[in-house]
Amino acid sequence: MNDEICVDVRDLGQRFGTMPFLWRHVTFSVRRGQTIALCGRSGCGKSTLLSIVAGWFSPTEGEVRRPDKARVSWVFQNPYGAVYRTVLDIAAYPLITRGWRRAEADAEALRVLAEFGLDELRDRLFAELSGGEAQRLMLVRAINSKPDILLVDEPTAQLDSKTALVVDDKLVALAGRGAAVLIATHDRRTRESCDRVIDLDTYSVEEGGGDEAT
């Protein structure tokens with residue numbers, strides 16, 4: 001595994017206006033090949049932390065460092081897309097923007113769609129997908145963008161247990177190919193599939209194997 005640090009979070013704190021801090025002094029790093037789960041109660045700021053890591057806004061305290069040219073992909077909990085584009089168009093788009101020929105991009109997109117059980121929906125419009133189907137499609141699109149850093153918000157929230165296991169396996173596999181994967185989740189199985197778990201309620205960190213340190 002490449003030991004390059006892709007996400008370096010240092011002494012992070014966040015609050016909005018005069019509200020109490022969601023959390024303070026949050027420090028961790030994510031290396032290439034690692035999967036990290038962000039856990040905690042609803043409203044504890046998991047999605048907020050992902051947004052800060054993505055660079056969408058600055059934290060109240062602390063800083064986040066990423067390699068200058070790192071490719072960052074995000075998968076939202078409630079996915080949205082080009083409603084009148086087909087599943088295949090959306091899955092192939094990141095490859096086409098990276099210079100792939102259309103036929104090659106379609107073939108690769110179909111291969112990844114099949115891994116997520118979506119290849120038979122290739123001609124369906126995004127607007128016609130269920131929530132779980134749309135979420136899986138956004139994961140396919142993110143994977144096809146070949147990210148250095150993948151940020152995922154509740155990837156299994158709308159999925160049945162069998163499909164959720166497939167998604168967990170694919171996220172681990174993506175990390176195995178060199179991505180740094182940071183996942184906000186309530187799902188125990190997703191949490192158990194990750195290398196480390198950060199609990200934003202208590203700011204405890206579980207290393208692989210379940211040993212906990214503060």
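For the reader, a short list of remarks on this structure follows.
- Kirkwood hydrodynamic radius over Cα pairs of the range 36-133, then Stokes diffusion coefficient at 10 °C and 1.306 mPa s, in µm²/s: 99 µm²/s
- Overall Cα dimensions of the range 63-108 - principal axes, largest extent first, Å: 41, 27, 13
- Between W23 and Q14, the built amide H atoms are under 5 Å apart, and every one of these is 5 or more places off in sequence or on another chain.
- Exposed trypsin sites (Lys or Arg not before Pro) absent: longest stretch of the chain, with sites in DSSP loops and at most 13 other Cβ within 10 Å deemed exposed: 102-176
- Relative contact order, percent, the chain [alpha-carbon distance under 8 Å, six or more residues apart]: 29 percent
- Per-q log10 I(q)/I(0), the range 82-146, q = 0.15, 0.23, 0.24 Å⁻¹ (Debye; single scatterer per alpha-carbon; no solvent): -0.36, -0.87, -0.95
- Helix axis angle, 102-115 relative to the chain longest principal axis, alpha carbon, degrees: 60 degrees
- Calculated from backbone phi, Karplus (6.51, -1.76, 1.60) coupling profile of the range 51-66 in Hz, x at Gly/Pro: 5, 5, 4, 5, x, 6, 7, 8, x, 5, 9, x, 8, 10, 10, 9
- Reciprocal of mean inverse Cα separation for the chain (Kirkwood radius, Å): 17.7 Å
Every read-out reported here was derived from the displayed coordinates using simple, explicitly stated rules and does not represent laboratory data. In this text, all values refer to a predicted model and were calculated from it rather than measured experimentally. Using ideal geometry, Cβ is built from the backbone for each residue, glycine included, and neighbour counts are taken over all protein chains shown.
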